[in-house]
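Visitor: Dropping a structure here in structure tokens format, bear with me for questions.
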Amino acid sequence: IATNVAHPAFGSVHPLSENALAELGRLAAAGVKGVKFHHEYQNFFADDERAFPLYEKIEELGLVAVFHGGADPGFAPPWKATPERCARVIGAFPRMKLVVAHLGGLLMADDALTFLKNTPVYIDTAYMAGAYEPQTAERVIKEFGAERVLFGSDCPWDTPEHTFRFLQKLHLSGEETDLIAYKNACRLLGRAE
């Protein structure tokens, strides 16, 4: 890992690895801004208490945690990072900067609103153009509030250009679009706009 990271790079660790906490410290020391977890690929439930020491360390270090949220068509249920499971995590670690991808849960918009809307969780727009009708995406964004939505495309499954065109179809103000496109990320990552 390069030191003095010029861009807000993210890394990952497996929470059940015996070296997870040390690796997390190493990532933070190298300037990495956050960690991504894909619970299906990493094969652990988001609210598995064995991962809690790692979440506690993420919270302590002020890193951002990004969870793949909701279903994943490549895996069979039970899904490992449903909005309900993610809500349990943020309930246990309310100061953790948590982003739940795919509007809070891929193919689980109603659950995202039920379990995550009234928490400090951020959501992102990754693969929303491939998974949702514009009306559903707009409803989720409006109910969460544009100030809690980050731009993401889920490349290579969707492109930034396609996702942004989809975002522009929604009934959002210019300020709401700017918040989602870059301002929220700048604030979350402690960077100048």
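The values are calculated or read from the model by the stated rules, or taken from the named source; none is laboratory data. A quick note: this is a predicted structure, and the numbers were derived from the prediction, not measured. Positions of Cβ are generated from backbone atoms using ideal geometry, with glycine treated the same way; all protein chains shown enter the neighbour counts. Accessible surface is based on the protein model in full, side chains and every heavy atom, while ligands, DNA and RNA are left aside. Shrake-Rupley method; radii C 1.70, N 1.55, O 1.52, S 1.80 Å.
Visitor: Checking A20 against (1) open to solvent by less than 20 Å² (accessible area, probe 1.4 Å); (2) within 15 Å of the chain's Cα centre (by Cα); (3) farther than 23 Å from L106 by Cα, which single condition isn't satisfied?
Guide: Only one criterion is unmet by A20, namely (2).
Visitor: Looking at this structure, is A101 surrounded by 21 or more Cβ atoms within 10 Å (Cβ to Cβ), modelled with pLDDT of 95 or more and of a type in the set (G, A, S)? Don't jump to the end; show me each part of the working.
Guide: Numbers: surrounded by 21 or more Cβ atoms within 10 Å (Cβ to Cβ): yes; modelled with pLDDT of 95 or more: yes; of a type in the set (G, A, S): yes.
Criteria met by A101.
Visitor: Within the stretch 116-151, track down each residue that is within 18 Å of D178 (Cα to Cα) and among the polar types (S, T, N, Q).
Guide: T125
Visitor: Right, something else. For the stretch 165-193, give me each residue that is more than 21 Å from A112 (Cβ to Cβ) and aromatic (F, W, Y).
Guide: Once the filter is applied, which keeps residues that are more than 21 Å from A112 (Cβ to Cβ) and aromatic (F, W, Y), the stretch 165-193 yields only Y182.
Visitor: Can you spot a residue in the stretch 122-145 that is polar (S, T, N, Q), in a loop (DSSP other than H, G, I, E, B), surrounded by 18 or more Cβ atoms within 10 Å (Cβ to Cβ) and modelled with pLDDT of 95 or more? If you could, list the steps in order and put the result at the bottom.
Guide: Applying the first criterion (polar (S, T, N, Q)) to the stretch 122-145 yields 125, 135-136.
The next check asks that each one be in a loop (DSSP other than H, G, I, E, B); those that pass are 125.
With the extra rule that they be surrounded by 18 or more Cβ atoms within 10 Å (Cβ to Cβ), the set shrinks to 125.
Still in the list and also modelled with pLDDT of 95 or more: 125.
Checking the stretch 122-145: at least one residue is polar (S, T, N, Q), in a loop (DSSP other than H, G, I, E, B), surrounded by 18 or more Cβ atoms within 10 Å (Cβ to Cβ) and modelled with pLDDT of 95 or more.
Visitor: Tell me, please, whether a residue that is within 18 Å of the chain's Cα centre (by Cα), surrounded by fewer than 16 Cβ atoms within 10 Å (Cβ to Cβ) and more than 21 Å from G152 (Cα to Cα) can be found in the stretch 24-39.
Guide: Looking through the stretch 24-39, none of the residues is within 18 Å of the chain's Cα centre (by Cα), surrounded by fewer than 16 Cβ atoms within 10 Å (Cβ to Cβ) and more than 21 Å from G152 (Cα to Cα).
Visitor: Looking at (1) part of a loop (DSSP other than H, G, I, E, B); (2) exposed (fewer than 12 other Cβ atoms within 10 Å of the Cβ), which is the only condition S153 fails?
Guide: Against the list (1) part of a loop (DSSP other than H, G, I, E, B); (2) exposed (fewer than 12 other Cβ atoms within 10 Å of the Cβ), S153 comes up short only on (2).
Visitor: Which residues, taken from the stretch 79-90, are within 14 Å of K117 (Cβ to Cβ) and not β-branched (V, I, T)? Walk me through it before giving the result.
Guide: To start, the set of residues in the stretch 79-90 that are within 14 Å of K117 (Cβ to Cβ) comprises 83-84, 86-87, 90.
Hits for the stretch 79-90 are P83, E84, C86, A87.
Visitor: Here's a check for you: in the stretch 40-71, which residue that is more than 22 Å from W157 (Cβ to Cβ) and of a type in the set (G, A, S) is least open to solvent (accessible area, probe 1.4 Å)?
Guide: A51
Visitor: Which one of these does V5 not meet: (1) at pLDDT 95 or above; (2) open to solvent by 10 Å² or more (accessible area, probe 1.4 Å)?
Guide: Condition (1) is where V5 drops out.
Visitor: So S17 clears everything in (1) part of a loop (DSSP other than H, G, I, E, B); (2) hydroxyl-bearing (S, T, Y); (3) within 18 Å of L188 (Cβ to Cβ) except one condition, right? Which one?
Guide: S17 satisfies all of (1) part of a loop (DSSP other than H, G, I, E, B); (2) hydroxyl-bearing (S, T, Y); (3) within 18 Å of L188 (Cβ to Cβ) except (3).
Listed here are the residues, each with its yes/no results for (1) of a type in the set (A, V, I, L, M); (2) more than 16 Å from G34 (Cα to Cα); (3) in contact with a His (Cβ under 6 Å, 6 or more places away or on another chain); (4) modelled with pLDDT under 95.
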residue	(1), (2), (3), (4)
I58	yes, no, no, no
V66	yes, no, no, no
G69	no, yes, yes, no
P73	no, yes, no, yes
T82	no, yes, no, no
A87	yes, yes, no, no
F93	no, no, no, no
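Visitor: Okay, next question. What tally of residues in the stretch 72-90 results from selecting those that are assigned to a loop (DSSP other than H, G, I, E, B) and surrounded by 21 or more Cβ atoms within 10 Å (Cβ to Cβ)?
Guide: Going through the stretch 72-90, the residues assigned to a loop (DSSP other than H, G, I, E, B) turn out to be 72-82.
Now narrow it down to the ones that are surrounded by 21 or more Cβ atoms within 10 Å (Cβ to Cβ): 79-82.
Going through the stretch 72-90 one residue at a time, the tally reaches 4.
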